[in-house]
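Structure first, then comments.
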Amino acid sequence: MMIGIPREKLAGENRVAIIPSGVTQLIESGYEVVVESDAGLAAHFTDEEYRHCGAIIADDAEALYRQAEIILKVRAPEPEEAALIRPESTLICLLDPWFNRPLLEQLADRSVQAFALDLVPRTTRAQSMDVLSAMAGITGYRAVLSGAMALPRYFPMLMTAAGTIHPARVLVIGAGVAGLMAIATARRLGAVVEAYDLRPEVKEQVNSLGADFIEIEVPQPAASGNDGYAKAQNAEFYAAQRQQLADCVARADLVITTASVPGKAAPKLIDRDMIHRMKSGSVIVDLAADKGGNVEGTVLNKKVDLDGVTLVGHANHPSRVPVHASQLLTRNITGFLLNMTREGHFDPDPEDDIVTATRVIHEGRITHGEEPRKTVAPETAETDVEETA
């Protein structure tokens, strides 16, 4: 079967789904590979490197989609791209299926079988295929660097002849993969770090990285779902949470928010009153900006000043580290594909929990949100959004 690796068309997307070394692995597994010309250029991989590994280079997207039976992408295709995908072929990428219903319908009409990498379950067997966790680690790292560059202060403590510089205080809200990487990065840069998460079981992980875990007294139901992600809470909980977090936010020089809940818009954790209490020159990096934001006033892909506080709403941080992001994606995606490969043939096992969790279109029918999938509740399946942090 022929695997196609197109160039990403989304503005600002520099990653590629498969780097040249991944092509070698796919060919050794029995596939042929066609790569759109310059597909890897933004990630610093040339057409010549792909040729050297055995790939065929297609002049453009139309030529690639005419040949490919399996499409491996990073981001969901634009509607004009989806129109080029061969009927009865297979698409594997980050589909964001909750917010891309029109695209799913377009693909279903063409009988395209689609797998959403956003839905890879958090199980031991699927760990090497977990795209969200791999990209979240990069996101946490880049968030601290973005915050440090915007902050008009040093991060580390410095004792100089001109006086002592006290270390920056960093608050990380949300201790998932992105949050833990942010904590580790901020500590390496010399900051004093505090962290908060509504899941008390992450306290040990936070402390092990040298940060103080903030415990607030807010009655709540179970904080984690069966899928390993944080669960949404009610409005009263978030209001009480904001009230108790206000003092922590006020004393921080840099705040990084990572809170995201599958199937929901990002919870609002910081309001304008809390921002007003922060020191002039402080910075907030909102990693949930593309899901509505954790911070009141965040503008997607913009830096804005609010009461002397800089709000950073950049999205797609992994695209700013395209070499290593593409390297990790290659491991995730090839592992995912080879899990469905039998003796050199693409043959998904309908009883495999990874297949059933991620296949969103099958035989011309949209299956996202149906049983036996357990990642979202049936009544919210069409509007849910995956956690990225």
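The values are calculated or read from the model by the stated rules, or taken from the named source; none is laboratory data. Everything numeric here is computed off the predicted structure, so don't read it as measured data. When we count neighbours, we look across all protein chains shown, and the Cβ atoms used for this are built from the backbone with ideal geometry, even at glycine. These area figures cover heavy atoms from the full protein model, side chains too; ligands, DNA and RNA do not enter into them. Shrake-Rupley method; radii C 1.70, N 1.55, O 1.52, S 1.80 Å.
Dipole check for the chain: with +1 at the C-beta of Lys and Arg, -1 at the C-beta of Asp and Glu, and the Cα centre as origin, the magnitude is about 1440 Debye.
Only Cα pairs under 8 Å and 6+ residues apart enter the sum, and on that basis the relative contact order of the chain stands at 20 percent. For the chain, the solvent-accessible area with a 1.4 angstrom probe is 43 square angstrom per residue. The portion of the accessible surface of the chain made up by carbon and sulfur, rounded to a whole percent, is 50 (1.4 Å probe; DNA, RNA and ligands excluded).
Figure note: Thr330, Thr310 ranked by solvent-accessible area, largest first, 1.4 Å probe, ligands and nucleic acids not counted: Thr310, Thr330. Taking Cβ atoms as reference points and 14 Å as the exclusive limit, the residues near His166 contribute a net charge of +3, counting Lys and Arg as +1 and Asp and Glu as -1. Read through the labelled values (1) 27, 47, 21, 6, 0; (2) 28, 59, 13, 0; (3) 28, 53, 19, 1 and report the label of the one computed as P(r) over Cα pairs in 20 Å bins from 0, in percent from the structure. Correct label is (3). Among the lysines of the chain, pairs that are 8 or more positions apart or on different chains and have alpha carbons within less than 16 Å of each other number 9.
In segment 150-217, which GluC sites (Glu not before Pro) are in a loop and have at most 13 other Cβ atoms within 10 Å, using DSSP for the loop call?
When the GluC sites (Glu not before Pro) of segment 150-217 are filtered for loop state and at most 13 Cβ neighbours within 10 Å, Glu215, Glu217 remain.
How would segment 9-85 be classified by its alpha-carbon gyration tensor: rounded, prolate or oblate, with rounded meaning a/c under 1.5 and the a/b versus b/c comparison settling the rest? Note, shape of segment 9-85 comes out oblate. Taking R0 as 51 Å, what's the FRET efficiency between Asp349 and Ala162 from their Cβ-Cβ distance, rounded to 0.05? Efficiency at R0 = 51 Å is approximately 0.15. Between Glu48 and Ser29, the contour length at 0.36 nm per residue exceeds the alpha carbon distance by 4.7 nm.
In plain terms, the chain from Ala250 to Val323 could stretch by 22.6 nm, reckoned as 0.36 nm per residue minus the Cα-Cα distance. Using a cutoff of 8 angstrom between alpha carbon atoms and counting only pairs six or more residues apart, the relative contact order for segment 116-194 works out to 29 percent.
Charges were assigned to the Cβ only: +1 to each Lys and Arg, -1 to each Asp and Glu. The resulting dipole of segment 1-146 about its Cα centre is roughly 580 debye.
Taking Cα atoms only, the orientation of helix 235-251 departs from the longest principal axis of the chain by about 60 degrees.
For the pair Ala239 and Leu300 in one chain, pulling the backbone fully straight at 0.36 nm per residue adds 19.6 nm over the alpha carbon distance. A Gaussian network model of the chain, with springs between Cα atoms under 10 Å, assigns the largest mean-square fluctuation among Ala63, Ala39, Ala184 to Ala63. Between segment 67-105 and segment 1-65, the alpha-carbon centres lie 16 Å apart.
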